[in-house]
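Taking it in order: structure first as structure tokens, then the write-up.
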Amino acid sequence: MGTSMETGGGSSESPVEPKKGRSKTPRKPKESLLKQKSPAEFFAENKNIAGFDNPGKCLYTTVRELVENSLDSAESISELPFVELTIEEIGKSKFNSMIGLVDRERIDEELYDDYETAKAREKRLAKEARAQEMQAKNAALGKKVKEQPAAKGMKGRGEASFYRVTCKDNGKGMPHDDIPNMFGRVLSGTKYGLKQTRGKFGLGAKMALIWSKMSTGLPIEISSSMKSQNYISFCRLDIDIHRNIPHVHLHEKRINDDRWHGAEIQVVIEGNWTTYRSKILHYMRQMAVITPYAQFLFKFISDTSDKNVTIKFARRTDVMPPVPLETKHHPSSVDLLLIKRLIAETSKQNLLQFLQHEFVNIGKAHAERLIGEMGPEFSPKMPIKSLTDQQIVRIHQLFRQAKFDDPTGDCLSPAGEYNLRLGIIKELHPDMVATYSGSAQVFEGHPFVVEAGVSVGGKDVKQGLNIFRFANRIPLLFEQGADVVTRTALKRINWASYKINQMQDKIGVFVSIVSTKIPFKGTGKEYIGDDITEIATAVKYAIQQCCIQLKSKIMKKMQAREQQERKRNLSKYIPDATGAVYDVLREMAQLHASKRKHYEEEDADILKKVSARLITKDTLTEKLAQHVEKRMALPMESGFAYWRVWLSAHRVELSPIAKKGSVNC
């Protein structure tokens, strides 16, 4: 800046001396402090893991979590579920008044993201005018006019949409004192354990509360009452994300005059109904398919009445699947950490009792054989708490190498073939449907059951394959392309061999997989991978069994159509055939009357009736139509052969004229 550099002497490579005072001693890095995050803080920062990717997906996932909690709650007490879900749109002014914020007029327009300069506005209007002019020219020339897309609103990044989501059920309710921890403490709940569950992470409504705190700052409200309680527990709370503890605003008991039992949860969140409307409605429809014993009432309430939506998904059956049972671990499915935890938590005293009672499919004799195989330092009576780390590793190694019987599927609760069929018929009204429920199979020590349904035709069903996927009786709507069901239906089923047109027919493919451990892929747990051979094989077999049933129905339908076509073709010739036959009979009657030819007594009686006009052309037409009906199930004779059979059956001898072709068929 203020330094000149002389270039005398022809050398310009001499180094420049640094100015004094410019040198700085290097900064010492700050000592890193060890920090911890609470589970609530972790999920708040990584909310996409739990399905809270964007406002629209947050609204969808909140609905899903609340509905599934309600179903679990009702089923746990064997109560036919009734779930009422309401999404109420909240405008900006109403939201501001809820949080006590006064609306302000804009002062500096240029400060806002949706500000449009005069030049930008002029450019936009010119572009719209050119588009309209081109559209008018094309219309004048008779060309197909493309509909212009609606102008995008100038919605700023900071302008959000808010919704009050309310879910009410008739389930078991919650104990009064447990409500704060059930909603305000992440990774605490009643569903942990080895059993079939609808949830994916065990977060439930807690993640909706975290999103509510992040997007609106408003608390969640819970009303709950258990059977035979004369009060309703009401709790308003939010969550201290950094400490992972509930922050209770109000917790009180209220009078329960109606003896209602269940839970009602209300939360206000940021969302996007416009982009996720179809997903939410598809979810509700598919949930009605897989749980036809439940009744759902869905409402969307907007400030403008024409946007309101009310849909009732009626209950179709009173038959409920059994409640899933908690089971013990299979030896082949445990890891080292799990064995240590089981040892720490067990109430059993020695190794023999531990093996018998903490794992499935290990009887006393089998346990003794396993202990003998472990080595001389193991004995049946050795205290289980005295096992060293090396001994626990030996047990784990043997579990991985030894042979065990497969676990049974008694602990699982599939929807059932009857319920699956009813659900498909109730929601899709197909022309035909076939269902199949497989027996329990095993992967990595976990039992699973695959159920499938395939339908053809129906309302609101697109042409081609329409795939509906369920895992532990909940619909999977995202990442369909990579799922084992999609890949199997598209690539491994030869639909044409079952008389089904994959491109033109309206085909519904329904596959439900239940297990104590669903092998989801991806962080969002939205699809089941195609890399587990046991599941892929079971899915293919289940779909094929449905297709075999459908093929039989389709073949019968095709035969019925062919019979109708045969009947139509034969009926066309009845007037001509009866006319020709009647002419022959009259000629024969005349010969008989003139005594030029004699006939047997029964034939002579028929000819007399023809002469007396007791048998007319109309009589023959009626008899022939009846004969066509009787012979529909037999192979179709062609032409003259068919009518010859008919004449023979009616004891009419063909004259030489008829034999030469007077009866023209």
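The values are calculated or read from the model by the stated rules, or taken from the named source; none is laboratory data. It should be emphasised that the depicted structure is a prediction, and the values quoted were computed from it without experimental measurement. With ideal geometry, Cβ positions are generated from the backbone for all residues, glycine too; neighbour counts draw on all protein chains shown. Surface areas here come from the heavy atoms of the whole protein model, side chains and all, with no ligands, DNA or RNA. Shrake-Rupley method; radii C 1.70, N 1.55, O 1.52, S 1.80 Å.
Worth a mention:
- Simple spin-label estimate for residue 496 and residue 418 in nanometres, 7 Å along Cα-Cβ: 4.0
- From helices alone, the chain scores -12500 deg cm²/dmol at 222 nm; the rule is -39500 (n - 2.57) for each run of n ≥ 4 DSSP H residues, then divide by the residue total.
- Nearest-10 value in Å² for the accessible area of residue 276, using the 1.4 Å probe: 40
- Against the chain, whose longest principal axis is taken from its Cα atoms, helix 601-611 shows a tilt of about 90°.
- Dipole moment magnitude, nearest 20 debye, region 330-402 about Cα centre, only Lys, Arg, Asp, Glu C-beta charged: 100
- Computed packing ranks the peptides 589-595, 546-552, 70-76 as 70-76, 546-552, 589-595, most packed first, by mean other Cβ atoms within 10 Å.
- The mean sequence separation of alpha-carbon pairs under 8 Å and at least six residues apart, normalised by the residue count of the chain, gives a relative contact order of 11 percent.
- Using alpha-carbon coordinates, inclination of helix 639-649 to the longest axis of the chain, degrees: 60
- Shape class of region 209-319 from the alpha-carbon gyration tensor: oblate, with a/c at 1.5 or above and b/c at least as large as a/b.
- Taking Cα atoms only, the orientation of helix 533-593 departs from the longest principal axis of the chain by about 20 degrees.
- Gain in span if fully extended, residue 551 to residue 130, counting 0.36 nm per residue against the direct Cα distance: 145.9 nm
- Region 461-551: C-alpha gyration tensor shape, a/c 1.5 cut-off, then a/b vs b/c: prolate
- Percent of C-alpha pairs per 5 Å bin, region 326-395, short to long: 3, 17, 31, 32, 15, 2, 0
- Annotation: amide H-H contacts under 5 Å for residue 467 (H modelled 1.01 Å from N, sequence separation of 5 or more, or interchain): 509.
- Taking 0.36 nm per residue of separation and subtracting the Cα-Cα distance, full extension of the segment from residue 307 to residue 137 would add 57.6 nm.
- Computed over neighbours whose Cβ is under 15 Å from that of residue 122, the net charge equals +4, Lys and Arg +1, Asp and Glu -1.
- Where 541, 498 fall by accessible area, highest first, once all protein chains stay in place (1.4 Å): 541, 498
- Beta bridges from DSSP with both residues in the chain: antiparallel share about 80 percent, rounded to the nearest 5.
- In terms of its Cα atoms, region 532-600 spans 90, 25, 9 Å along the principal axes, sorted from long to short.
- Whole-Hz ³J(HN,Hα) from phi, Karplus 6.51 cos²θ - 1.76 cosθ + 1.60, for region 214-226, glycine and proline x: 6, 9, 10, x, 8, x, 9, 10, 10, 10, 8, 8, 9
- Share of carbon and sulfur in the accessible heavy-atom surface of the chain [1.4 Å probe, %]: 50
- Between the alpha-carbon centres of region 262-312 and region 35-65 there is a gap of 20 Å.
- Amide H partners (placed H, <5 Å) of residue 161, local residues excluded: 271
- Between 436, 423, 370, the Cα set farthest toward the positive side of the dipole of region 339-462 (charges on each charged residue's Cβ, about the Cα centre) is that of 370.
- Listed residues 65, 84 arranged by accessible area, highest first, probe 1.4 Å: 84, 65
- Positive-end residue of 247, 44, 486, charge dipole of the chain with Cβ unit charges: 486
- Exposure rank, largest accessible area first [400, 421, 341; 1.4 Å]: 400, 341, 421
- Remark: spin-label model distance residue 195-residue 541 equals 2.8 nm, labels positioned 7 Å along the Cα→Cβ axis.
- In order along region 296-308, the Karplus-derived 3J(HN,Hα) couplings, from 6.51 cos²θ - 1.76 cosθ + 1.60 at θ = phi - 60°, round to 10, 10, 10, 9, 10, 10, 10, 5, 9, 5, 5, 8, 5 Hz, and Gly and Pro are given as x.
- Structure note, pairs 35/213; 37/312; 57/459; 253/426: Cα-Cα distances above 32 angstrom occur for 37/312; 253/426.
- Local electrostatic count at residue 392 - Lys and Arg +1, Asp and Glu -1, tallied over other residues with Cβ under 12 Å: +2
- When only alpha carbons are used to place a centre, region 352-383 and region 198-259 end up 46 Å from one another.
- Probe 1.4 Å - accessible area at residue 562, Å² to nearest ten: 110
- Sequentially through region 442-451, phi angles give Karplus couplings (6.51, -1.76, 1.60; θ = phi - 60°) of 9, 9, 6, x, 10, x, 8, 10, 10, 10 Hz, Gly and Pro residues having no value and appearing as x.
- Summed over the residues of region 570-635 and divided among them, the accessible surface reaches 65 Å² per residue at a probe radius of 1.4 Å.
- Cα-centre dipole for region 281-323 with unit charges at Cβ (Lys and Arg positive, Asp and Glu negative), debye to 20: 100
- In this simple spin-label model, placing a label point 7 Å from the Cα along the Cα-to-Cβ direction at both residue 626 and residue 587 gives a separation of 2.7 nm.
- In this structure, the amide hydrogen of residue 506, modeled 1.01 Å from its nitrogen in the peptide plane, lies closer than 5 angstrom to those of 457, 464, counting only residues at least 5 positions away or on a different chain.
- Within the shell of other residues whose beta carbon sits under 15 angstrom from the beta carbon of residue 41, the net charge comes to +4, with Lys and Arg scored +1 and Asp and Glu -1.
- Segment residue 478-residue 257, extension gain: residue separation times 0.36 nm, minus the distance between their alpha carbons: 75.2 nm
- For the chain, a crude dipole built from +1 on the beta carbon of Lys and Arg and -1 on the beta carbon of Asp and Glu, taken about the Cα centre, is about 1640 debye to the nearest 20.
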